[in-house]
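This report concerns only the one structure given below.
The values are calculated or read from the model by the stated rules, or taken from the named source; none is laboratory data. From a predicted model like this one, the values you see are computed outputs, not experimental measurements. No Cβ is skipped: glycine too gets one built from the backbone with ideal geometry, and neighbour counts run over all protein chains shown. Heavy atoms of the whole protein, side chains included, go into the accessibility calculation; ligands, DNA and RNA do not. Shrake-Rupley method; radii C 1.70, N 1.55, O 1.52, S 1.80 Å.
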Amino acid sequence: ERQIPSESLSLVDWERVYLELLDYKTGRGWRNLIIRPETPRQLIGQIAYTLIADEAVVSPRTFAERELLQQAVSAILRKYLDTFYRRRRERWEKQTLEYRLLDENDPNLAFNRDQVKEGKAAYIVSVKRSDTALVAALQKLLAEPECIYRQEDRDMPRICFDRHLYLPLLVQDSDKFSSTPPALTQSEAQFIRDLRDFWQKEKDDLMAGKELYVLRNLSRGKGVGFFENSGFFPDFILWVVDSDKGEQRIVFVEPHGMLHSKAYEHDDKARLHERLPQLACELRQRSGKTGISLDSFVVSATPYEELRERYDDGNWERSKFAEKHILFMDGDATRKRDDFLRILALQNA
């Protein structure tokens, strides 16, 4: 762990650092951030940072080592910009965030609106021209549009679930095609299939009198994000609407593998559920809308037995994971049912 000596800073090409930071902010879409030419040099002497590097990086003796110093300074300042911008945005959002009705102009839906108006599909799918069998199969599928929305097949893997706000949901299970927006990963697809199974079994029982909707949340620039951990966009947004009671529950769900997850106390994704009740209270006061609750869950694609030994202190039972809003895909039908009861807050499972 090192700091860069002041005498080494005189070897840095600060104009190059400045131009690199301008490129970086442009690439991130931060049009409301202004960086002055003198700012990088001023910042490096004021901010707190820890650089893990060899002595040669911070005290170069050759031109090659000087280049490593140049790269280190740029990396430190990019990291600082990320933190600075995220904190300012969090402060702004905390003061201005409010509830709004979801409509066709929402960025999560607007990606396909113009195409739909033109009579085209909601996805742009690219396949290899040389795969003539797949091209023929897709052309046949497009000639029978009802099949796209009601049937599932291997030529174009997809999920048809009428509780999702648009149909179908494409699934990426090979490298034969790519799509815009991207198709579901296997863990995302598994979650949607499990949710569909739950809905079909319980819509006239536990879900009677309630409406369920789900929307795949897109990423930076279009989706609903939380800015802990440099920008977190949960994969799905669930709505459970009870019109008789005038209540609505909004749940953010993130299905993914957790083998490389941080310990719980440092994992902003897993701990999002701790912050949402306070956010809901602030939104209620600001928007004047009552009866809305917010929650979040992580659904682990990594099996429980595999994750238990590696996660946190290695002693978490399923009950503790559930208490911290971490559920698993590897359970049997009864366990998955109980997990969805937790997610939808239908009862204390």
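Cβ-Cβ distances below 6 Å connect the following pairs, each with a first residue in the stretch 16-40 that is surrounded by 13 or more Cβ atoms within 10 Å (Cβ to Cβ) and among the aliphatic types (A, V, I, L, M), a second residue that is modelled with pLDDT of 95 or more and assigned to a loop (DSSP other than H, G, I, E, B), and a separation of six or more residues or different chains: L21/I35. Restricting attention to the stretch 171-184, the residues that are closer than 19 Å to D131 by Cα and touching a Ser or Thr at 6+ places or on another chain (Cβ under 9 Å) add up to 5.
Put simply, of R87, R113, R91, R100 the only residue that is open to solvent by 80 Å² or more (accessible area, probe 1.4 Å), at pLDDT below 90, within 30 Å of Y149 (Cα to Cα) and of a type in the set (D, E, K, R) is R100.
Where helices (runs of 4 or more DSSP H) fall entirely within the stretch 1-74, those with at least 1 residues that are under 20 Å from R86 (Cβ atoms), modelled with pLDDT under 95 and within 29 Å of the chain's Cα centre (by Cα) are at 14-28. Does any residue of the stretch 309-320 turn out to be in contact (Cβ under 8 Å) with a residue 40 or more places away in the chain, assigned to a loop (DSSP other than H, G, I, E, B), surrounded by 13 or more Cβ atoms within 10 Å (Cβ to Cβ) and touching an Asp or Glu at 6+ places or on another chain (Cβ under 9 Å)? Within the stretch 309-320 (the criterion being in contact (Cβ under 8 Å) with a residue 40 or more places away in the chain, assigned to a loop (DSSP other than H, G, I, E, B), surrounded by 13 or more Cβ atoms within 10 Å (Cβ to Cβ) and touching an Asp or Glu at 6+ places or on another chain (Cβ under 9 Å)), the answer is yes, since at least one residue qualifies.
Taking the stretch 276-288 as the range and being modelled with pLDDT of 90 or more and either among the hydroxyl-bearing types (S, T, Y) or under 17 Å from E323 (Cα atoms) (or both) as the test, the residues that pass are L276, P277. Taken together, the criteria place L218 among residues that are touching a residue at least 40 places away in the same chain (Cβ under 8 Å) and within 30 Å of R87 (Cα to Cα). Can you confirm whether S300 is surrounded by 14 or more Cβ atoms within 10 Å (Cβ to Cβ) and more than 23 Å from S261 (Cα to Cα)? Here the answer is no, as S300 does not meet what is asked.
Quick grid of which residues meet (1) open to solvent by 80 Å² or more (accessible area, probe 1.4 Å); (2) outside any loop (DSSP other than H, G, I, E, B):
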residue	(1), (2)
L134	no, yes
A137	no, yes
L141	no, yes
C147	no, yes
D153	no, no
M156	no, no
L167	no, no
D175	yes, no
S178	no, yes
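Does S130 satisfy being assigned to a strand (DSSP E or B), modelled with pLDDT of 85 or more and loosely packed, with under 14 Cβ neighbours inside 10 Å?
Values: assigned to a strand (DSSP E or B): no; modelled with pLDDT of 85 or more: yes; loosely packed, with under 14 Cβ neighbours inside 10 Å: yes.
No, not satisfied.
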